[in-house]
1. Which length gain, in nm to one decimal place, applies between M460 and E179 when the Cα-Cα distance is subtracted from 0.36 nm times their residue separation?
2. Can you give me the accessible area per residue for the range 351-461, using a 1.4 Å probe, in Å²?
3. Tell me, how many Å apart are the Cα centres for the range 322-391 and for the range 186-227?
4. How about the range 339-444: which trypsin sites (Lys or Arg not before Pro) there are in a DSSP loop, with at most 16 other Cβ atoms within 10 Å of their Cβ?
5. At a 1.4 Å probe, what is the % contribution of carbon and sulfur to the accessible area of the range 182-292?
6. Testing the spin-label approximation: label points 7 Å from Cα along Cα→Cβ at K453 and L300. State their distance in nm.
7. Using the C-alpha gyration tensor of the range 145-231, what are the square roots of 5 times its eigenvalues, in whole angstrom, with the largest one first?
8. Using the heavy atoms of the protein chains alone and a 1.4 angstrom probe, what is the accessible area of the range 215-255 per residue in square angstrom?
Amino acid sequence: TTATTLLTRPTDAAPPHCRPTPPHASTQKLIQPREKRPRSIPRVNMAVNGSNDVVAVPSKQHPKQRKSFCRVTTILFVMTCAGLITSQRRMLGEDLFISIDSTASKSLIIDHPQNAYTKTMRPMTKARIDKLRGEDGPKYTVLVTGAAGFVGMHTCLELDRLGMTPIGYDNVNSYYSTELKEKRIEVLAEKQIQMVRGDVCDAELLKKTIEENKITRIIHLAAQAGVRYSLDHPFEYTRNNIDCFVTLLETAKSLELKETIIYASSSSVYGNNVKIPFSETDNVENPASLYAATKRSDELIAQTYFNLYKISSIGMRFFTVYGPYGRPDMAPFIFTDKIMNGKEMKMFNHGNSRRDFTYVDDIVQGVVNSLFVSTGQPEVVNLGNGRPIVLADFIRIVEKSVGKDAVIESVGMQKGDVPVTYASIQKAQHLLGYNPSTPIEEGIPKFVEWYRKEDAGKYMM
């Protein structure tokens, strides 16, 4: 009977030493139920430090409260960093794409300032631009700096043809043949176009010229040009391209000229960009030369003067301009001269580079059309042909136009050069009614014809 009783006795009723031991009982802790207490925000006591400043001193917190507080702090820190990164990317000119619901393919696109024109400016139609350029269009008095330069001379001639009054302004420096620059001035004089010989950095002369001629528009083309020259003459670039541009803007500010200022930038600002075609919204913070850096600086300075003084502007990013009276440091001039004279010439990057060569008349069309646009903000616009050509093919076109074969030394990429330039001209078409119409197969023969007629080899550097 006793044995039976022991076997049937409930476990709880067994003596302590006879009760079965649960698994891992030695490692388990007895947890007593605890009264639930409302959670509260950790208290902060105020104290005075040695400098008599009131400072916050956290009171002692329960470990779980501290853990929760640290978790919230970490989340806030990460969110702040994300905001700073987003802000930085926007400053660098990138389009930001933030996914909201990948399954539904919904997205939020933070647009680039250089895309605002699609919403704020109506397209410039051919009929509208033809009317503006016609007899009944506006007749401005335009200051053209760099008028003895290649694009400057052609711009003055086009303004004169449209019935406007161009006032040339140039210091006729010796970067390349002053004889060629004097020849351009003679061409302008034949059209009775006034030329002021002066430096844009000369604020007094610049102001006097604007006031005496009652200037209503400014096209700023004066600059220190050339990528390779900037490697050995850096200070000429910072002075002529940055200091003088600031002088021009300061003069416009002092005279309260509120009309849009047109100025020359360059395709060089795209530097080592690998995305093609080059768009105005691309990141341009990786220049390959000091020349490119000074041109990008001009764009940022123009933005600053708008932010401070509401001076609007349009920066023209020129893509490899060529044509009659062109610069002797540019490839079309160099190749034509070498081939005509049977001299050996270097073909950089073994002829694999691609260039968006643009005929000067097409560039000037874009520059002049910009006078008819009131942007209300700083803009940058590509002016190119939109049809890049491989360098080796370009040389063959020059050979055909000259009637001789080239003597070529194939070499690698030159320092400061970029492998490709290729303009997206969608913005220029929308804003300016820009329509480049001269293919390279037509433009090069026109240049070679001028070269022969002018015996332009005498202008070589």
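The values are calculated or read from the model by the stated rules, or taken from the named source; none is laboratory data. Note that the structure is predicted; figures quoted are calculated from it, not measured. Please note: Cβ atoms are built from the backbone with ideal geometry, for glycine as well, and neighbour counts cover all protein chains shown. When the accessible area is computed, the model is the full protein with side chains, heavy atoms only, and any ligands, DNA or RNA have been set aside. Shrake-Rupley method; radii C 1.70, N 1.55, O 1.52, S 1.80 Å.
1. 100.1 nm
2. Here the residues of the range 351-461 average 40 Å² of exposed surface.
3. That distance is 23 Å.
4. In loop regions of the range 339-444 (DSSP not H, G, I, E or B), the sparsely surrounded trypsin sites (Lys or Arg not before Pro) are K343, K404, K415.
5. That share works out to 48 percent.
6. Taking the simple label geometry, K453 and L300 are separated by 4.5 nm.
7. For the range 145-231, the ellipsoid semi-axes come out as 21, 16, 11 Å.
8. 40
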